[in-house]
Amino acid sequence: MATTTLTKAPRGYDPAAAKPFLEQLDRVKGGLPGGGLSWLDGLRAQGRARFAELGLPTVKNESWRYTNLRTLDKLAFQPATDAGDDVRFDVLPTVRADGATGPRLVFVDGRFRAELSSTAGLPAGVELLNLADALTRKPDLVAGHLGRIAAPDDLALVALNTAFLADGPVLHVPRGVTVEETIELVFVSVGSEAQPTAFHPRGLIVAEAESRAVIVEHHVGLGSCTTLSNGVTEVFVGAGASVHHYKIQREQADAFHLSHTAAKVAGKGVYDNFILTTGAKLSRNEVRSVLDGEEGDTHVSGAYMVRGGQHVDTTTFIDHAQPCCTSREVYKGVIDDQARAVFQGKIIVRPGAQKTDGYQQNRALLLSDTAEIDAKPELEIYADDVKCSHGATVGELDDDQLFYLRARGIDKATARGLLIGAFLAEALEEIAEESVRDAFQSYVADWQNAR
Amino acid sequence: MAATTETVEQVRAVTEQKYKYGFTTDIEADVAPKGLNEDIVRFISAKKEEPEWLLEWRLKAFRVWQEMEEPRHWAKLSYPPIDYQDAHYYAAPKMKDRPKSLDEVDPELLKTYEKLGIPLREQEILAGVEGSEGRSPAIAVDAVFDSVSVATTFKAKLEEMGIIFCSISEAVHKCPELVQKYLGSVVPYTDNFYATLNCAVFTDGSFVYIPKGVRCPMELSTYFRINQANTGQFERTLIIADEGSYVSYLEGCTAPKRDENQLHAAVVELVALDDAQIKYSTVQNWYPGNEEGVGGIYNFVTKRGACRGRNSKISWTQVETGSAITWKYPSCILQGDNSVGEFYSVAITNNFQQADTGTKMIHIGKNTRSTIVSKGISAGRAQQTYRGLVKILPKAEGARNHTQCDSLLIGDQCGAHTVPYIENRNRTARVEHEATTAKISEDQLFYCRQRGLSEEDAVSLIVNGFCKEVLKELPMEFAVEAQKLVGISLEGSVG
């Protein structure tokens, strides 16, 4: 078993916190797409039962010791309604330099917006559609994959997402097909003035053997309502396939963004993940990549910039289940004001996973006296012929470097900006796709300019 | 690869040699009945003729302990449930008063020390015969045989300088105000399950007080031994270094072979005042259990030092090769401005040994600095975890930490894990953490073998090199012993 399976409610959960969510679920569950499919009903029921048993994780939970979800308890979240379907957009975010519309799916408060989406430019055989549609029209496309990597018995929030499983992006790339166009997935949080809104997008990416795709997720917010996005994405990387999966999260100031991405990489497959975070009041990105075949490769990297009272949590789990795989992680972050950042990165090397090469680096810059960083880079190793290392540094801007720039007539603010930009650029270098890297660079610049 | 397999086999053969110190001494013991309740706590306290406040403190601890949950969920250790009622909480070797001459010392006891080959062989010193100090090496030993301190040497010389070095039960009578002031001030009786248990039932341990401005002229040393079958041992050590003083303290442990697991829950408290320095070194070589994982000591230790004063320094050095279970996190609370904390550790686990060990560095004062160097070697089917916390509080301006954790794996059945926690709440602080995991490289082995070293010697040499950074921190008296120990432990486990 490559994933950790919990059989009963462990310590560190608050089952009482499940109640409001379960009440909402009972109100909407009749209308969930694909109802009546026995495997799907079973999966949702399993998610519901597990979440009812666990509730939300508390800070006594080792994996949540630095991120407190207690505030979620006080907000009575309601499921998103069709009210958001009328929201119009002048422009939607894109990494395309020309601003043209390529293949993309747009979701507003977790609900699919067909009129804003497009499948133009996709090679024959590639399926790009929303999950609700897939569950009604082509359930076989997803039946063998949903809940297979991110199992609902595994984690409370995955269980919650599974209970509500309704809509989200589905991408299926057949064997040997390379998708040249970057596929964009746009998630807009709008919410409602009346009450906090919760949605649980569920994504599925299946790249069959020897295929290739580049996916960019945009998570943006409109207005200032309180929203909770509790997303789960499962990514199947076939033998020799490569999936480049990039994400930028810049939701509104009152957003809660919880996201769980679980990838499984077959032999010689490549899964490349990068997450840039600037938004939301509280966000947590949990990325799990299982190297499930020999000579697989995974890159899980990211950058974050937070200020004000923001809280950003990055939790990664790299599972070397088979020999001769490589993994690489580079995370860099800048923390200002009273913001708090959390980095938890775990690499496990299973018995027999010889010739593993694992590398992890995590660096943070504190820009204010009240900022905080908590880091926990973790290695768990059960094989001897391995090369694993991690490094973590925390500090402020280097005085010598500042002096160097100031001595050349650069004012303090500009000098600091240059150094912060250079610091983050090192992480952005991890993005293999140039167009995506350039777009992400501009988001970094935007954040700096707003400082 | 073939060469490695061969080495592993060889090493296994060597490691499985009988535990060198597996013998028991037959001394009639004064044993408390099995089990743990308030009466036992009172019994221990009465045996020690303790003052009322100490009994009250023990009872408070015992009451808290009863409400506590055994911490079994976070450490990477697995062992069968411990029945805390199925052990004796007090065992004292039968002795008439204090030995005044060699004849009064139980010959069985002397034989035990002789077998251990510890510097206690100067039997006159052990017996406290006057005039013997001049001929002895410059080490003062407070021997703990099971629970009662048997002999204290060099007393006179130390007393001249105002240094108090005695058993803690003696200190309770001799300098109650110091004990009352500092006991539990670093590790309070509510601290954790094992420490709280220790507070309730501790039987003996060492007490050291170094007065202002005094540099202790010799290494102070305690050898712990667990002798009585089925006896939990609960040592309590308290070291206070007053302003401007310095002390280096050595703690060494060996234990006789036992089939039943023995529980050990010690507490060590260190207090360093302004400009004081404490260097605390440990070599722990208790019985690790046999090659099947049967028996061995369960070692749950709470060690903590408080750098209370400005410019104070506490340095922990440990070489951990023994015990079936090790649960130990020697920590520093860096409260005084400019105070320094250090943690140097070599941990070797083989066969079915499990160790979850590391440190905590809590930076409170300005310009506090800490260094962590941890070398873990795991072989056989052993599991080893480094678990450490570096915490920088908001007022710790200019704090610095550097952590280096390296693991070496020998064989494909063992595990080596690293779980560091870094919590920084000060912008000006700089925290660096590095960790690596690797195995002994074929190139290094080949190089040594090519020059005529046996595989075993080569492994020992390489591992000693791997640990050098830590071993060099040990006082001379220990360094040689520790190096040998690394070699021996590796013979069985490395290769």
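Just so it is clear, none of the values below were taken in a lab; they were calculated from the coordinates. What you see is a predicted model, and the numbers here were worked out from it, not measured in a lab. Cβ coordinates were reconstructed from backbone atoms using ideal geometry, including for glycine residues, and neighbour counts include every protein chain displayed.
Which FRET efficiency value, to the nearest 0.05, is calculated for B:ASP443 and B:GLU292 with the Förster distance at 41 angstrom and r the Cβ-Cβ distance?
0.75
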- Message: Compute for the protein assembly as shown: radius of gyration divided by Kirkwood radius, i.e. Rg/Rh, restricted to C-alpha atoms, rounded to two decimals.
- Response: 1.02
- Using alpha-carbon positions, what is the distance between the centroids of segment A:85-140 and segment B:265-341, in Å? 59 Å
- Query: What does the helix-only formula give at 222 nm for the protein assembly as shown: each DSSP H stretch with n ≥ 4 adding -39500 (n - 2.57), the total divided by the residues, and the result rounded to the nearest 500 deg cm²/dmol?
  - Reply: -7000 deg cm²/dmol
- Query: Under the definition of partner shielding as Cβ atoms of other protein chains within 10 Å of a residue Cβ, what is the mean value for peptide B:382-389?
  - Reply: 1
- Note on the structure: Interchain or sequence-distant (5+) residues whose placed amide H lies within less than 5 Å of the amide H of A:GLN354 are A:CYS324
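Where the eigenvalues come from the Cα gyration tensor of segment A:1-112, what are the semi-axes √(5λ) of the equivalent ellipsoid, largest first, in whole Å?
32, 20, 17
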- Item | Where labels lie 7 Å past Cα in the beta-carbon direction, separation of B:GLU38 and A:ASP26 in nm | 4.8 nm
- Message: Given 37 °C and 0.692 mPa s, compute D for segment A:399-451 with the Stokes-Einstein relation, Rh being the Kirkwood radius over Cα pairs; round to the nearest whole µm²/s.
- Response: 274 µm²/s
- Message: Using square roots of five times the C-alpha gyration tensor eigenvalues, list the equivalent-ellipsoid semi-axes of segment A:13-397 in whole Å, biggest first.
- Response: 28, 26, 22
- Which value in nm describes the separation of the simple spin-label points at B:LYS47 and A:ALA97, placed 7 Å from the Cα toward the beta carbon? 8.2 nm
- Note on the structure: For B:ARG215, placing the label point 7 angstrom along Cα-to-beta-carbon and taking segment B:272-305, residues whose amide nitrogen sits under 16 Å are B:275-279
- Over chain A, what is the mean sequence separation of C-alpha contacts under 8 Å (at least six apart), divided by residue count, expressed as relative contact order in percent? 10 percent
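Quick one, what does Rg over Rh come out to for segment B:337-434 if you take C-alpha atoms and the Kirkwood Rh? All intermediate terms of the calculation are to be shown ahead of the outcome.
Details: Rg = 15.1 Å, Rh = 13.9 Å.
For segment B:337-434, the value is 1.09.
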- Item | Cα-projected label distance for A:GLU115 with A:ASP438, points at 7 Å along beta-carbon direction, nm | 3.3 nm
- Item | Fraction of the pair-distance distribution of segment A:194-239 above 12 Å, Cα-Cα pairs, percent | 72 percent
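Just list whichever of A:LYS247/A:LYS412; A:LYS281/A:LYS412; A:LYS387/B:LYS391; B:LYS313/B:LYS472; A:LYS247/A:LYS281 have alpha carbons separated by over 26 Å in the model shown.
Numbers: A:LYS247/A:LYS412 32 Å; A:LYS281/A:LYS412 29 Å; A:LYS387/B:LYS391 28 Å; B:LYS313/B:LYS472 18 Å; A:LYS247/A:LYS281 17 Å.
With Cα atoms farther than 26 Å apart: A:LYS247/A:LYS412; A:LYS281/A:LYS412; A:LYS387/B:LYS391.
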- Based on the Kirkwood radius over alpha-carbon pairs, what is the Stokes-Einstein translational diffusion coefficient of segment B:405-495 at 20 °C with 1.002 mPa s viscosity, in µm²/s? 140 µm²/s
- Message: If I take R0 = 41 Å and measure r between the Cβ atoms of A:GLN195 and B:THR436 in this structure, what FRET efficiency does the formula 1/(1 + (r/R0)^6) give, to the nearest 0.05?
- Response: 0.20
- Message: Please compute the length gained on full extension between A:ARG88 and A:GLU426, using 0.36 nm multiplied by the number of residues separating them and subtracting their Cα-Cα distance.
- Response: 118.0 nm
- Message: How much of the DSSP bridge set in the protein assembly as shown is antiparallel, in percent, rounded to the nearest 5?
- Response: 10 percent
- Violating pairs (Cα-Cα greater than 24 angstrom) within the set A:LYS19/A:LYS138; B:LYS48/B:LYS174; B:LYS181/B:LYS279; B:LYS47/B:LYS212; A:LYS332/A:LYS376: A:LYS19/A:LYS138; B:LYS47/B:LYS212
- Check A:VAL330: other-chain or 5+ apart residues with amide H under 5 Å from its amide H, H built from backbone geometry? A:VAL300, A:SER301, A:GLY302, A:GLN361
